[in-house]
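Reviewing the structure listed below.
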Amino acid sequence: MSSDESRLFQSKGDDKLSEKEKPKQGKPRISKLRELEETLRAERERSSEYLSRLMYLQADFENYRKRMEKEIREAAHLGNEKLIVNLLGVIDELEMAIQSGKKTENKEALLKGVEMVLKKIYITLGQEGLTEIEAVGKPFDPSKHEAIFKVPTNDYAEGTVIEEVRKGFMLRDKVIRPSMVKVALAPITQNKSDPKESV
């Protein structure tokens with residue numbers, strides 16, 4: 001056999017070996033494919049489980065949100081109910097004062113009764129967080145006071161509240177009605193020349 005023939009024989013033999021090896025290479029590919037399919041199936045199950053959990057959490061959160069909104073509404077209604085019940089007692093006292101005033105000539109007693117009822121109203125509203133804004137003698141504060149007049153005066157420093165026309169109120173830390181006030185303004189001074197000095 002010549003060297004060319006032996007080379008040809010070897011190359012044909014190599015081809016045959018390669019063909020025999022091909023099925024062997026295919027088997028690992030099939031097992032790798034099966035492994036990937038199994039991994040894919042497991043991941044799909046896991047993603048399905050995560051999706052179910054997410055949907056459950058979303059529904060749970062939506063129920064929680066609705067429950068909180070309902071509790072907030074109920075708390076507001078209960079707060080209003082408490083205030084109304086307290087004010088009903090004040091209304092009863094006002095009605096008694098009016099009835100007493102109709103039967104008596106003593107207007108001082110009626111006035112004293114009405115003052116007591118007014119005091120009780122302030123106490124009731126104070127329990128809910130209402131406070132009166134201090135104004136007279138204080139520096140003008142535009143966040144708490146509404147200036148309706150500026151009055152020239154020497155009795156107060158400029159910018160000081162000198163009179164309260166209507167009371168202002170705060171509910172906790174929020175101004176719900178500013179005080180209507182008169183504010184001191186520096187008096188206008190006129191330079192009058194002394195007739196003796198002009199000569």
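The values are calculated or read from the model by the stated rules, or taken from the named source; none is laboratory data. Quantities reported herein were computed from a predicted structural model and do not represent experimental measurements. FYI the Cβ positions are ideal-geometry reconstructions off the backbone, even for glycines, and counts take in every protein chain you see.
Structure above, values below:
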item: Selected residue [modelled with pLDDT of 90 or more, surrounded by 15 or more Cβ atoms within 10 Å (Cβ to Cβ) and outside any loop (DSSP other than H, G, I, E, B)] from Val175, Val151, Val165; result: Val175
item: Residue check, Gly79 outside any loop (DSSP other than H, G, I, E, B), touching a Gly at 6+ places or on another chain (Cβ under 9 Å) and either loosely packed, with under 10 Cβ neighbours inside 10 Å or among the small types (Gly, Ala, Ser) (or both); result: no
